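These notes concern the structure reproduced below.
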Amino acid sequence: TVLSSREAGRMSLTKALAIVSGQVAQNYESNTPDEPKSHEKKEVPVIQSMLVNDVYLRKKRR
């Protein structure tokens, strides 16, 4: 798990996406044995945002 729900609830959506993106870039490779040009290459997610304010996702209080 890259982020626990407790950690994610304390940071903005953009910050959480950046952390997950960094983990994917460091730890994952493509798995396309039928395409040698792209097999076992690093994967780098791209985050594109038009947000002008921080967005926080928190659990709903009961």
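A count restricted to segment 31-46 and to residues that are assigned to a loop (DSSP other than H, G, I, E, B), surrounded by 10 or more Cβ atoms within 10 Å (Cβ to Cβ) and modelled with pLDDT under 90 stands at 3.
Summed over segment 29-62, residues that are touching a strand residue (DSSP E or B) at 6+ places or on another chain (Cβ under 9 Å), farther than 20 Å from K15 by Cα and not polar (S, T, N, Q) total 5. Being in a loop (DSSP other than H, G, I, E, B), surrounded by 10 or more Cβ atoms within 10 Å (Cβ to Cβ) and modelled with pLDDT of 85 or more is a property that S21 lacks. The selection criterion, being of a type in the set (S, T, N, Q) and modelled with pLDDT under 80, does not hold for S12.
The values are calculated or read from the model by the stated rules, or taken from the named source; none is laboratory data. These numbers come from a predicted model, not from an experiment. A quick note on method: Cβ atoms are made from the backbone with ideal geometry, for glycine too, and the neighbour counts reach across all protein chains shown.
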